[in-house]
Amino acid sequence: MNDQQPNQTNIFGLAEQFPNVAELCNALYERELLSLATSNIKDPILLKRKLSGLTYHIKNAAEFLINEPTPIDVDVHNGTWKSKQANKCPAAKLVADEQSIAKAETWFTQHHYHGAVVCVYVNDYGNEHIELDSIDMFANPVSKLHTNKFGWFTLNGESLETAKNHVTHRLIKPNKAIFSAACSGHTWNTKGKSTPRALSLRELLLSTNINWKTFS
C-alpha cells in the first residue's frame, strides 16, 4: 500500500493545481487500459510492467498537456491534442516531390540524434495518416536511420523494410503542419478528411518531447 502513496499524492496534487487534470487522466486511463486489454501481448511479465508504469506515464503526459504552451489545443474530455485538419494530408505532396525529398535528406543528415521525435507518413490503400516515432539507432557514418516502430529508412525517407499488406511508410521532414496533424491523429481517405485516430500513450508521450520553437 505504501509504495502507491507517492503516485496517488502526485495525482491529487496535480488535480488541485489543474481542475481539468482528473478528467484528462481518466480519459487516458480508459483508452490505454482498453488498448492493453485488446493487445496481442502474451508475456504476463511485459503486461505487468506496462500496467505498473501507467500511473507514472499518464501523470507526466497529463501534466504536459495541461501545463505546457504549444501551438495546438488539448481536448481534456478525450485526452487528445486537437488542431484544424487540412482537407488533404500535408505529407502526401512531400513524398511525391523530388525537391521535398532532397530537403528531407539534408535535414536528417543534420538533425539525427538518439530519441529525436520524427514523423512517418503511412498509406494503406489510400487511407493516410502521419504517425509519431523516434530515432533509436543510425548507421555510422550516417547513411540510414532506424526508428523504434517502423525500422530502417534512408536519409531521404525511403523505407528499407519489407512492406506488409501493401502498407507504405515514408519518413518525412517535420514542420509545424506535419507535427500538428500527427499529434491530432488526423486521417484521410480517398474522399478527403476522415475520423481522427486516438494516439497511443507511447505516441502521446513522444508528442511531449517536440520542441515546437524549432519548427515553422
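Provide HIS112, HIS77 ordered by accessible surface of protein heavy atoms (probe 1.4 Å), highest first.
Ranked list, largest accessible area first: HIS77, HIS112.
Using protein chains only and a probe of 1.4 angstrom, how many square angstrom of TYR113 are accessible, to the nearest 10?
TYR113 exposes around 130 Å² with every protein chain in place.
Roll a 1.4 Å probe over the protein chains and send me the accessible area per residue for the chain in Å².
With all protein chains present, the chain gives 59 Å² per residue.
With Rg and the Kirkwood Rh both taken from Cα atoms, where does Rg over Rh land for the range 74-129?
That ratio is 1.05, to two decimals.
Between Rg and the Kirkwood Rh of the range 98-142, both from Cα atoms, what is the Rg to Rh ratio?
1.03
Report, largest value first, the span of the C-alpha coordinates of the range 171-216 along each principal axis, in whole Å.
33, 24, 17
In sequence order, what are the phi-derived ³J(HN,Hα) couplings for the range 159-176 according to the Karplus relation 6.51 cos²θ - 1.76 cosθ + 1.60 with θ = phi - 60°, rounded to whole Hz, with x for glycine and proline?
6, 9, 8, 5, 5, 10, 6, 6, 7, 9, 10, 8, 6, 10, 5, x, 8, 4
Per residue of the range 179-189, what does 6.51 cos²θ - 1.76 cosθ + 1.60 with θ = phi - 60° give for ³J(HN,Hα)? Whole Hz please, x for Gly and Pro, Karplus curve as stated.
5, 4, 5, 5, 5, 7, x, 4, 9, 9, 10
What percentage of the solvent-accessible surface of the chain, computed with a 1.4 Å probe over protein heavy atoms, is contributed by carbon and sulfur atoms?
51
Quote the Stokes-Einstein diffusion coefficient, in whole µm² s⁻¹, for the range 44-113, based on the Kirkwood radius over alpha carbon pairs, a temperature of 25 °C and a viscosity of 0.890 mPa s.
152
Measure nothing fancy, just the Cα-based angle from helix 5-17's long axis to the longest principal axis of the chain, in degrees from 0 to 90, nearest 10.
That helix lies at roughly 80 degrees to the long axis.
Taking amide H positions as placed in the peptide plane 1.01 Å from N, state which residues far from TRP152 in sequence (5 or more) or on other chains have amide H under 5 Å from it.
Excluding prolines and chain starts, which carry no amide H, the hits are THR147, LEU160, GLU161.
The range 112-216: which GluC sites (Glu not before Pro) are DSSP loop and have at most 14 other beta-carbon atoms within 10 angstrom?
Passing both the DSSP loop test and the Cβ count: GLU161.
Please report the accessible area of THR109 (heavy atoms, 1.4 Å probe, ligands and nucleic acids excluded) in Å², nearest 10.
Answer for THR109: close to 70 Å² accessible.
Residue separation times 0.36 nm, minus the C-alpha to C-alpha distance between ASP73 and THR195: what's the value?
Extra length available between ASP73 and THR195 comes to 42.2 nm.
Over every pair of different alpha-carbon atoms in the chain, take the mean of 1/r and invert it; report that Kirkwood radius in Å.
18.6
Near ASN189, within a Cβ-to-Cβ distance under 14 Å, what is the net charge of the other residues, with Lys and Arg +1 and Asp and Glu -1?
+2
Please list the non-local residues whose amide H lies under 5 Å from the amide H of LYS144, H modeled 1.01 Å from N, same-chain partners needing a gap of 5 or more.
ALA139
Rounded to the nearest 0.05, what FRET efficiency is calculated for ASN165 and HIS114 with R0 set to 22 Å and r the Cβ-Cβ distance?
0.15
Would you list THR162, THR80, THR214 from the most to the least accessible area, probe 1.4 Å?
Ranked from most to least accessible, the order is THR162, THR214, THR80.
Relative to the longest principal axis of the chain, what angle (0 to 90°, nearest 10) does the C-alpha long axis of helix 98-110 take?
Helix 98-110 and the main axis of the chain meet at about 60 degrees.
Within 15 Å, Cβ to Cβ, of ASN78, how many net charges do the neighbouring residues add up to if Lys/Arg are +1 and Asp/Glu are -1?
Around ASN78, the charge tally is -3.
Between ILE41 and GLN99, what FRET efficiency follows from the Cβ-Cβ distance if R0 is 41 Å, with the result rounded to 0.05?
0.45
Using a 1.4 Å probe and ignoring any ligands, DNA or RNA, find the accessible area of LYS176 and quote it in Å² to the nearest 10.
Per-residue accessible area (LYS176): approximately 90 Å².
Determine the order of PHE138, PHE179 by accessible area, beginning with the largest, at a probe radius of 1.4 Å.
The most accessible residue leads, giving PHE138, PHE179.
In degrees from 0 to 90, rounded to the nearest 10, what is the angle of the helix 21-37 Cα long axis to the longest principal axis of the chain?
Value to nearest ten degrees: 70.
Tell me the mean residue ellipticity at 222 nm calculated for the chain from its helices only (DSSP H runs of n ≥ 4, each -39500 (n - 2.57), averaged over every residue, nearest 500).
-12000 deg cm²/dmol
The values are calculated or read from the model by the stated rules, or taken from the named source; none is laboratory data. As the structure is a computational prediction, the values presented were derived from the model and not from experiment. No Cβ is skipped: glycine too gets one built from the backbone with ideal geometry, and neighbour counts run over all protein chains shown. Ligands, DNA and RNA are excluded from the accessible area calculation, which covers all protein heavy atoms including side chains. Shrake-Rupley method; radii C 1.70, N 1.55, O 1.52, S 1.80 Å.
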